[in-house]
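J.: Have a look at this one.
Rule-based calculations on the coordinates, nothing more; no lab input. Predicted, not measured: the structure shown is a model, and the values here were computed from it. Note that each Cβ is placed from the backbone with ideal geometry, even for glycine, and that neighbours are counted across all protein chains shown.
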């Protein structure tokens, strides 16, 4: 039963455009590949590539070069889209954000070989990332990962593996595949794209963008992911925005520009322990120079609210306060150290108790089970799958 459920979830989670919205042709004069059925500006410098993943699939990627760019965006698009539909959006983002940009088609999408699955999308983004490093010489600390909708899954999977990335952008992200359809309170083994469990592990700044009227992936997904971030950046909740049209809002591009500008001023991440001091140094430098952009938008440890609900409920002090109290306790006497050990033991027991209570919640509410019919699952996932086509065509036409 579990295996069939997992296979069904994987099958319904992906809905590539059929037929693909583009074709690949070879320019006889230059021998370079390019895509047809799109109008390309003369001043756009773009490469079309075919990359082989570690799972043996050959995926299609596009790399937009911006001569004045210092940062590179690695963009994982949403469901029911491919490079043909995304071409104009990629081109405009590269131009207006002043970044290089690589977009790619998942296995089974566009003219990429294979069949889409969760693990294949992880291999796909890894192949695109390696191409940036090996072919274009892009360094890890100059890469911003951008994940839209389903693309938030491979984006966060890659982000937890590389700890010196410059930043992450999550556009209408999902908590997990199953949570899009049902408000489950725990993560099941057969669920896909368990973003809710990965986001607390990301050490670089994270920007979350979500529409308030999203009827495919509720805005609560974006808000909960933002709450769980370590390094929060001012989020963008687009009033009236749905799942497919956020690019049409003027605030969308303005906020992204503001984000890129702030990120460019941040020092490159060397390791997690140094990030707090470097953030404070950047804000101090920004204040002295009269530029308060970063001061307004980067949330430091002193002002960052706790992302742990248990900490909020108990009013637990911040990390810095706890460490200071610990030093005072250690300096006071040997007996204080014994009390500290006892306190730690109690906290360990408390954590174990919480963990056991979490494990005890091993079933979904009966009312949720009753809703878990095949027809409802199929209809809802198909609606997710079809969400991007029309809006992307509209955006491309306007571009």
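J.: Residue 52 to residue 95: FRET efficiency via 1/(1 + (r/R0)^6), r the Cβ-Cβ distance, R0 41 Å, to the nearest 0.05? The partial results should precede the final answer.
T.: Working: r = 30 Å, r/R0 = 0.72.
Once the sixth-power term is evaluated, E becomes 0.85.
J.: Extension gain residue 184-residue 38, at 0.36 nm per residue separation less the Cα-Cα distance, in nm? Could you put the intermediate results ahead of the total?
T.: Numbers: separation 146, 0.36 × 146 = 52.56 nm, distance 4.18 nm.
Difference between extended and current length: 48.4 nm.
J.: Please give the length that would be gained between residue 162 and residue 237 if that part of the chain were fully extended, namely 0.36 nm times their separation in residues minus their C-alpha to C-alpha distance (nm, one decimal). Don't skip to the end; give the middle numbers.
T.: Working: separation 75, 0.36 × 75 = 27.00 nm, distance 2.74 nm.
Using 0.36 nm per residue and subtracting the Cα-Cα distance, I get 24.3 nm.
J.: Fewest first, what order do 166, 41 take by the number of other Cβ atoms within 10 Å?
T.: Numbers: 166 23, 41 10.
So the ranking, lowest neighbour count to highest, is 41, 166.
J.: If each of residue 28 and residue 45 carries a label point 7 Å out from its Cα toward its Cβ, how far apart are those two points in nm?
T.: 2.8
J.: Let me ask something else. With label points built 7 Å along Cα→Cβ from the Cα atoms of residue 223 and residue 70, find their separation and express it in nm.
T.: Modelled inter-label distance: 3.6 nm.
J.: In the stretch 201-230, which residues have a backbone nitrogen under 15 Å from the label point lying 7 Å from residue 139's Cα in the Cα-to-Cβ direction?
T.: Correct set: none at all.
J.: Just rank 203, 152, fewest to most, by other beta-carbon atoms within 10 angstrom.
T.: Working: 203 20, 152 32.
Arranged by neighbour count, lowest to highest, 203, 152 become 203, 152.
J.: Related question: Could you line up 204, 131 from fewest to most neighbouring Cβ atoms inside 10 Å?
T.: Values: 204 25, 131 20.
Listing 204, 131 from fewest to most nearby Cβ atoms yields 131, 204.
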